[in-house]
Amino acid sequence: MKLTGAEIFVECLRREGVKTIFGLPGGVVLKIFDVLHQQKDIEVILTRHEAGAGHMAEGYAKATGKPGVALVTSGPGMTNVVTPLVDAYMDSVPIVVFTGQVPTHLIGNDAFQEADNVGISRPCTKYNFLVKDVNDLGQIIKEAFYIAMTGRPGPVLVDIPKDVAMNKGEFHYPDRVSIRGYSPTYEGNKWQIKQAVEAIHKARKPIIYVGGGAIFSNAHEELLELAELTQIPVDMTLMALGAFPGSHPLSLGMMGMHGSYASNMAVHFSDLVIAIGARFDDRVTGKVSEFCPEAKVLHIDIDPTSIRKNVHVDIPIVGDVKTVLRELIAMLKATPNGHSIEQRKPWWTQVNEWKAKHPLTYVQPPDALIKPQYVIDRLYQFTKDKDPIVSTDVGQHQMWAAQHFVLNKPRRWLTSGGLGTMGFGMPAALGAQAAFRDKLVLCIAGDGSFQMNMQEMATAVVNKLPVKVFILNNHFHGMVRQWQDLFYEGRYASSYLDTVPDFVKLAEAFNAVGLRAKKADEVDGVIKEALKADKPVIVDIEVDPYENCYPMIPAGGCNHEMILEDPPEMKRGEKPVPKVAGEDKDAVLTA
Amino acid sequence: MEHIISVLVENKFGVLSRVANLFSGRGYNIETLSVAPTLDPSMSMMTIVTQGDDRIIEQIVKQLNKVIDVIKVVDLNEAEFVERETALIKIHTRQEDRAEALRIADIFRGKVVDSTPTTYTIEVTGDVRKVEACINLLQPLGIKELVRTGRVAIAREPVRQAVAQPRRILKEEK
Ligand SMILES: Cc1cc2nc3c(=O)[nH]c(=O)nc-3n(C[C@H](O)[C@H](O)[C@H](O)COP(=O)(O)OP(=O)(O)OC[C@H]3O[C@@H](n4cnc5c(N)ncnc54)[C@H](O)[C@@H]3O)c2cc1C
Ligand SMILES: Cc1ncc(C[n+]2csc(CCOP(=O)(O)OP(=O)(O)O)c2C)c(N)n1
Ligand SMILES: [Mg+2]
C-alpha cells in the first residue's frame, strides 16, 4: 500500500500507541499537521513556543513512562527545541522530537529556514536520523522509539524533509528492530551480584543511594523490598524522589548539596554505598576525592559509562535496576543473615541521632513574611491525599519543594536536575496534565523561572489543562542571590527581578485564575481556592525574599561539612525591599 | 599513556562526526585517526591513537561503545599488535644531495614515487618510530611537503588460533 510520508508518519505513531503530540507548525511540516488534523486517534496540542512543546513532551514522558512526542518545523522551530533536547539527554527522558526540514534537493543550500538539524542535535540526543527516502520512514520511526525507550532512555530526533512528507512510499512498520551496534545489558553479572550479597552481609554501616534509574526501571517495589529485607536506610537523589516512599522510616530524604543532614552524614560515614541507578553527580558527591572515604562502593547502572566515571567502584553491576534487584533479593533471601541486621543496630542508633539532630524544619512566625518552606508544607498537607503530580522550576523553590513535599510514589515528581533548566516547570506540568486529565497537577515555580515559559499559560487555558501554579515570589533569582550573599559579599549583581509582572493580572490576561497571598494566614485560603478551580490557576505567593535554603554543601565541599543556617559573617549589601506588585509603584522604583 | 583503539563502525554519514564529537565534547585528545571501509562495505574501521591514564581510557572505550553506530571497540594495547603508518615526503634536492636522499630512503626501505630534477617524493612505511626517524634524517636536506596517513594497527593473531583455522592451512598447502 502506498501512502504519503505524512500518512506514514501518522500511521506509525498510531501503532506506537502515541495519544498526544505537542507541537507548532511551519512551512515544511504543514503536510504532516494537515494529516494529523484529519484524524481523531492522536491529539495535537498546539504550544506557544517550541521549548514549551519539548518540555511538555518531557513532562508527559516522566509522568507516564511512555515516550513524549513533539513535532516542530525546520530552522527556528528546531533551534527552539534544543534546550529541551539537552535537558532530556541529561536527565535520561525518553522523548522523540520530529523536526521538519527543507526539501532534500535544497539541503546544504542555505535554503529558507534551513538549519543543520542533525548536526546541531548530534551532541544533544541519544541518536538522531535524517530521513532521505520516504520508503525508510517507517523503519526509522520504529528505531527512533526503540532507541528512546530502551537501555538508558533519552531523546531521539527525526528530521523529515518536506518532500519526504509529501512523496508516496511503501508503508512498512516492522514489529521489532535490532540494531547491531546497540544492545543494552539488562541482566546483571551473576558473579558480581554474589559479591554484592557478600558485601551487604558484611556491611555494618551500609546505605542505599538511589537515583533516577530506579524510576525509569519501574523498580520501586523491588527497592522497597530490598530496603525492608536488609533494613538499610535510603538516600535519594533529586531525580529519585518518589522511587522510595519519603514517609517510610528507612527514608533519609534527599541527599547532596541541599539534602538532609542525616542523608549526607550517613553516606559520608558509611562502610558500603549501594548505588542504584544513580550517576554520582557532583551535586551529590561534593568533593569527589572525599566522598564516602571509608566505604566500599557497589554500583548498579544500565550505562557502563556511568560506572567509574566519577568515583571508584568496587562492585560494578551493569544491568537494569529492576532485573538486577530481583536477582539480588532472591540471592539475599537464599542466604539469610539476620545476624548482620543485629550488628547494624549501632549504625541505626547513629542514623536516628542524625535525623533527630537536624531535621528539615523552619519557623513561621504568624506576623512575619511568608516562609517559602511553609507554603510547600501547607500545599503538601492539603494535597497529600489526592496523590498529586508535582513539577518544579529551578532554584531555591525547587530545593524547598524537594525537601518539604513528601513523595511516596514514583513518577509524581517532574524536575530538571542535570541541566537545571529554568522554565521547565510549567510546560512539564502541562505535559503531565495532558496525559492524566483528571489528576491534580501542581507546579511549584519561581518568579524568575516562570517568566521563561509563561507563554504556555495560553496552551493551558486553550487546551483545558487545569494545572495549579504556585509561584514562590521572592522578587529575586533567589538561588543566585543566596550565592551572592554567601560568596560575593552580598552584591546582588543582576539577581533582583523587581516587582513586574503582576502575576495575578497576568493570569487574568490569559483568562486563567489569579490569586495572591501576602501574609502567612492567607496561605491556606489561596491553596483551597486554587484547588477548587477547574481552570488553570496562578497563585502569587509573596515570600520572604531573603530566606536561604539549607542545609547546603558549598560547591567542592565535603558531604559532612554542611552549612545549616546563615553564617554570622554573611554580608548583605544594599537590600532591595520588594513591594507587592501593583502597590506603591514609586517605592518599588526607589528600592 | 598512548593507546591505539580500533573502532568498527557503520559506514554511513555522520558517524565520523559522532566519534569526533565524543572526543572533543569530553576533552579527550585524538592524536591520529584513520578511517576506511572494511571487506564488508557497510562497515568502516577507524583506528584512533589517543592518550590518557587508565581511567580515561576506560571511559573512552565505554563512551565509544555507547555510540549507537559503533559496532565494536578494541583497545589494541590490551594485547600484541602490529602498527603501520605511511608518509609521503617531498624533498628539495640539490644535485649534490640526490645520492644522499636515495641512500636514506634505502635505509628505511622507502621508495621514490615521484621525481623531478629538483625534488624527490619518497614513500616510507613502518611503525611510527621508523617513519619519524626517516623524516628526521631527511629534514636537513629540506622537506618541502609532508603528509602522513596516521596509524593503522591490527592485533597479532595468537598462534594457537591460527592453527585451529582450517582455511588458512588449506591456503598454505596450495
Ligand atoms: C539547583 C539545583 C540543585 C541541585 N541539588 C541537588 C541535590 O542537593 N541533591 C541531588 O541529588 N541532586 C541535586 N541536583 C540534581 C543534580 O544536578 C543531578 O541531576 C542529580 O543528582 C542526578 O541524579 P541521579 O544520580 O539520580 O541521576 P539521573 O540523571 O537520574 O541518572 C540516572 C542514572 O540511572 C541510570 N539508569 C537509567 N535507566 C536505568 C535502568 N533501567 N537500570 C539501571 N540504571 C539505569 C542511568 O544510566 C544514569 O546513570 C540539583 C539540581 C539543581 C538544578
Ligand atoms: C535557563 C537558565 N538560566 C540561568 C540559570 C541559572 N540560575 C539557576 S537558579 C536561578 C534563579 C532562579 O530564580 P527563580 O526562578 O525566581 O527561583 P528562586 O531561586 O528565586 O526560588 C538562575 C538564574 C538556570 N538554571 N537556567
Ligand atoms: Mg525567585
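The values are calculated or read from the model by the stated rules, or taken from the named source; none is laboratory data. All values derive from a computational prediction rather than experimental measurement. Here the Cβ is made from the backbone with ideal geometry for all residues, glycine too, and neighbour counts use every protein chain on show.
Taking the options B:Leu33, B:Leu8, name whichever one is touching a strand residue (DSSP E or B) at 6+ places or on another chain (Cβ under 9 Å), within 13 Å of another protein chain (Cβ to nearest Cβ) and either within 30 Å of B:Asp114 (Cβ to Cβ) or in contact (Cβ under 8 Å) with a residue 24 or more places away in the chain (or both). Result of the check over B:Leu33, B:Leu8: B:Leu8. Residue check: is A:Asp110 at pLDDT below 95 and farther than 19 Å from A:Ile140 by Cβ? Yes. Against the list (1) assigned to a loop (DSSP other than H, G, I, E, B); (2) under 26 Å from A:Gly420 (Cα atoms), the condition A:Ile300 fails is (1). Only a single item in (1) β-branched (Val, Ile, Thr); (2) away from ligand 1 (no atom under 16 Å from the Cβ); (3) buried (at least 24 other Cβ atoms within 10 Å of the Cβ) is not met by A:Thr421, and it is number (2). If you go through the range A:377-420 and keep only what is touching a Pro at 6+ places or on another chain (Cβ under 8 Å) and within 16 Å of ligand 2 (Cβ to nearest atom), you end up with A:Gln396, A:His397, A:Trp400.
Tell me whether the range A:375-393 contains one or more residues that are more than 16 Å from ligand 3 (Cβ to nearest atom), touching a residue at least 24 places away in the same chain (Cβ under 8 Å), of a type in the set (Lys, Arg) and outside any helix (DSSP H, G or I). No: the range A:375-393 contains no residue that is more than 16 Å from ligand 3 (Cβ to nearest atom), touching a residue at least 24 places away in the same chain (Cβ under 8 Å), of a type in the set (Lys, Arg) and outside any helix (DSSP H, G or I).
Could you say whether any residue in the range A:268-276 is in a loop (DSSP other than H, G, I, E, B), crowded, with 24+ Cβ neighbours inside 10 Å and under 24 Å from the mean Cα position of the chain (by Cα)?
no
Per-residue answers, yes or no, for (1) without any contact (Cβ under 8 Å) to a residue 60 or more places away in the chain; (2) under 23 Å from A:Cys443 (Cβ atoms):
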position	(1), (2)
A:Val523	no, yes
A:Lys532	yes, yes
A:Lys535	no, yes
A:Pro554	no, no
A:Gly557	no, no
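Of all the criteria given as (1) within 14 Å of chain B (Cβ to nearest Cβ); (2) among the small types (Gly, Ala, Ser); (3) touching a His at 6+ places or on another chain (Cβ under 6 Å), the one not satisfied by A:Ser183 is (3). Across the range B:36-46, the number of residues qualifying as more than 10 Å from chain A (Cβ to nearest Cβ) and surrounded by 14 or more Cβ atoms within 10 Å (Cβ to Cβ) comes to 3. Close contacts from the range A:309-331, counting a first residue that is in contact (Cβ under 8 Å) with a residue 12 or more places away in the chain and within 14 Å of chain B (Cβ to nearest Cβ) and a second that is more than 9 Å from ligand 1 (Cβ to nearest atom) and among the aromatic types (Phe, Trp, Tyr), with Cβ to Cβ under 8 Å and a gap of 6+ residues or different chains, come to A:Val311/A:Phe291. For the range A:186-231, the candidate set comprises residues that are within 25 Å of the chain's Cα centre (by Cα) and surrounded by fewer than 16 Cβ atoms within 10 Å (Cβ to Cβ); within that set, the residue that is farthest from A:Gln343 (Cα to Cα) is A:Asn218. Identification of helices (runs of 4 or more DSSP H) wholly contained in the range B:108-173 with 3 or more residues that are modelled with pLDDT under 95 yields B:159-164, B:166-173. Is it fair to say B:Ile68 is at pLDDT 95 or above, in contact with a Gly (Cβ under 7 Å, 6 or more places away or on another chain) and either within 14 Å of chain A (Cβ to nearest Cβ) or at negative phi (or both)? Criteria met by B:Ile68. Of all residues in the range A:107-148, those that are in a helix (DSSP H, G or I) and either within 13 Å of another protein chain (Cβ to nearest Cβ) or in contact with an Asp or Glu (Cβ under 7 Å, 6 or more places away or on another chain) (or both) total 17. Could you say which residue among A:Asp544, A:Asp566 is of a type outside the set (Val, Ile, Thr), out of contact with any Lys or Arg (no Cβ under 9 Å at 6 or more places or on another chain) and under 23 Å from A:Val577 (Cα atoms)? That would be A:Asp566, the only listed residue that is of a type outside the set (Val, Ile, Thr), out of contact with any Lys or Arg (no Cβ under 9 Å at 6 or more places or on another chain) and under 23 Å from A:Val577 (Cα atoms). Scanning the range A:379-398 for residues that are crowded, with 24+ Cβ neighbours inside 10 Å and more than 9 Å from ligand 1 (Cβ to nearest atom), we see that the one that is farthest from the other protein chains (Cβ to nearest Cβ) is A:Leu379.
Condition check: within 14 Å of another protein chain (Cβ to nearest Cβ) and either more than 22 Å from A:Ala243 (Cβ to Cβ) or in contact with a Gly (Cβ under 7 Å, 6 or more places away or on another chain) (or both). Does A:Val158 satisfy that? Yes. If A:Thr305 satisfies every condition in (1) within 14 Å of chain B (Cβ to nearest Cβ); (2) assigned to a helix (DSSP H, G or I); (3) loosely packed, with under 15 Cβ neighbours inside 10 Å; (4) not aliphatic (A, V, I, L, M) but one, which is the exception? With respect to (1) within 14 Å of chain B (Cβ to nearest Cβ); (2) assigned to a helix (DSSP H, G or I); (3) loosely packed, with under 15 Cβ neighbours inside 10 Å; (4) not aliphatic (A, V, I, L, M), A:Thr305 is out only on (3). For the range A:289-302, enumerate the residues that are within 28 Å of B:Val61 (Cα to Cα) and away from chain B (no Cβ under 14 Å). Hits for the range A:289-302 are A:Glu290, A:Phe291, A:Cys292, A:Pro293, A:Ala295, A:Lys296, A:Val297, A:Leu298, A:Ile300. Among all residues of the range A:468-478, there is none that is without any contact (Cβ under 8 Å) to a residue 24 or more places away in the chain and away from ligand 1 (no atom under 16 Å from the Cβ).
Can we say B:Leu16 is within 17 Å of the chain's Cα centre (by Cα), within 14 Å of another protein chain (Cβ to nearest Cβ), at pLDDT 95 or above and in a helix (DSSP H, G or I)? So B:Leu16 fits the description; yes.
Would you check which residues across the range A:442-452 are within 16 Å of ligand 1 (Cβ to nearest atom) and out of contact with any strand residue (DSSP E or B) (no Cβ under 7 Å at 6 or more places or on another chain) and list them? Scanning the range A:442-452 gives A:Gly448, A:Ser449, A:Met452. Filtered by the rule that a residue be outside any strand (DSSP E or B), of a type in the set (A, V, I, L, M, F, W, C) and under 26 Å from the mean Cα position of the chain (by Cα), the range A:314-328 gives A:Val321, A:Val324, A:Leu325. Among the numbered conditions (1) under 30 Å from B:Asp54 (Cα atoms); (2) surrounded by 21 or more Cβ atoms within 10 Å (Cβ to Cβ), the only one that A:Asn310 does not meet is (2). When restricted to residues that are over 16 Å from A:Val513 (Cβ atoms) and among the basic types (Lys, Arg), the range A:443-469 contains 0.
Taking the residues in the range A:435-492 that are among the basic types (Lys, Arg) and assigned to a loop (DSSP other than H, G, I, E, B) as candidates, determine which candidate is nearest to ligand 3 (Cβ to nearest atom).
A:Arg491
The condition (being in a helix (DSSP H, G or I), away from ligand 3 (no atom under 16 Å from the Cβ) and more than 14 Å from chain B (Cβ to nearest Cβ)) is satisfied by just one residue among A:Ala432, A:Ala368, A:Ala401: A:Ala432.
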